[in-house]
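The values are calculated or read from the model by the stated rules, or taken from the named source; none is laboratory data. On a predicted model such as this, the values are computed, not experimentally measured, just so you know. Cβ sites come from the backbone with ideal geometry, for glycine too, and all protein chains shown count toward neighbours.
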Amino acid sequence: MLMFRFKQIIRKFIPINLLFPFVNFLRFFKILVTTNTLNIRDLEKLHDFTISQNRMDLNQKRLFEKNVIKELGDNVTQRTRFKLEEFSFYSQHGEDGLITYILKNVGIKNYFFVELGAGGKTSNTELLALSFGWRGTILDGSKKQIEEILKRYSENGVDIKNFKVVDSWITKDNIDDLISKNCIQKEVDVLSIDLDGNDYWIWKSIKSINARLVVIEYNASLGPEKSIVINYQSDFDRWRHHPLGWYHGASLKALENLAKDKGYSLVCCDSSGVNAFFVRNDLICDPINYLPSKEAFYVDSFRSSIQSPSQQFNQLMDYDFTDV
């Protein structure tokens, strides 16, 4: 309670533009301290502990879910049901649970995924590879992050020969060629896009594969109503444009409109306000139905602890966007 009041006082009396340098310093300090105090074995123990904790949390979550559904009966909305399905073993915001739940209902064809942005210590597809034996194509511009995820694959007894791994900077001009050359399946079950920048433009440019489920990051700071996206830059770096990295990607409405053009329907977002989930229209069926962006939208829970959603939106409106 005391910490909450302290945060309120800071936000009230210190302009946000004066906080940016301080926040960036704290981020740098955290990286510096972590790098110099944690060795690889410590990080592995932390990762294992997190997985164990998630499994315990999942058992409690399932019991809670049964009680909620029993209590609400037919009044459980699709938004609520999806939120109850969230859990994370290797993902960051409950994506493991949402992906598993969606695939359970829409079906799986080739047990194959494509992930753009390997994610380093977290991944939207790692559960599929480690626990369910999926194969996949992984593309990322960071060799270090690719090495991290492949190390975990290897340590968990997964044959890395089942994965085509490409270390390449991804642009809207090269993405379709990269996928067509490195993906053995035309129809993939999951396409995950988490590039912290040009995600909208990259998905728009992909034509060589036909994914059953698309998971893509949206920018909740842009609100649920406007259909806008950042102006495309092939060398885009979110930290170069905004002190907190909040100028990136596209609004949920923009992604919903793009999905319609590509033959997909928005079905949910994770409750942390980070990822949107789109299912191919021919696979839509109860309980996986189209959900308009206004109903599926969540604010970014982390950012909202720093600024209110309206403050985030008003601040970003000073930047350049493309209406789509």
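The residue that is nearest to the chain's Cα centre (by Cα), counting only those in region 128-153 that are assigned to a loop (DSSP other than H, G, I, E, B) and within 21 Å of SER88 (Cα to Cα), is TRP134. Scanning region 128-181 for residues that are surrounded by fewer than 17 Cβ atoms within 10 Å (Cβ to Cβ), among the aromatic types (Phe, Trp, Tyr) and closer than 20 Å to ASN110 by Cα yields a total of 1. Among residues of region 222-236 that are closer than 18 Å to VAL274 by Cβ and touching a residue at least 24 places away in the same chain (Cβ under 8 Å), those with a beta-carbon under 6 Å from a residue that is hydrophobic (A, V, I, L, M, F, W, C) and assigned to a loop (DSSP other than H, G, I, E, B) at least six positions away or on a different chain give the pairs PRO224/PHE297; VAL229/VAL324.
In region 246-264, the count of residues that are polar (S, T, N, Q) and either within 21 Å of GLN92 (Cβ to Cβ) or in contact with a Leu (Cβ under 9 Å, 6 or more places away or on another chain) (or both) is one or more. Looking only at residues that are touching a strand residue (DSSP E or B) at 6+ places or on another chain (Cβ under 7 Å) and not in a loop (DSSP other than H, G, I, E, B) in region 112-127, which one is surrounded by the fewest Cβ atoms within 10 Å (Cβ to Cβ)? The residue in question is PHE112. Restricting attention to region 202-228, the residues that are of a type in the set (Asp, Glu) and surrounded by fewer than 16 Cβ atoms within 10 Å (Cβ to Cβ) total 1.
Of the helices (runs of 4 or more DSSP H) lying entirely inside region 229-311, the ones with 1 or more residues being buried (at least 17 other Cβ atoms within 10 Å of the Cβ), at pLDDT below 95 and not aliphatic (A, V, I, L, M) are found at 238-241. Scanning region 154-194 for residues that are more than 19 Å from SER205 (Cβ to Cβ) and in a helix (DSSP H, G or I) yields a count of 5. In this structure, does GLY249 turn out to be more than 20 Å from LEU98 (Cβ to Cβ) and either of a type in the set (Gly, Ala, Ser) or over 20 Å from the mean Cα position of the chain (by Cα) (or both)? The answer is no for GLY249.
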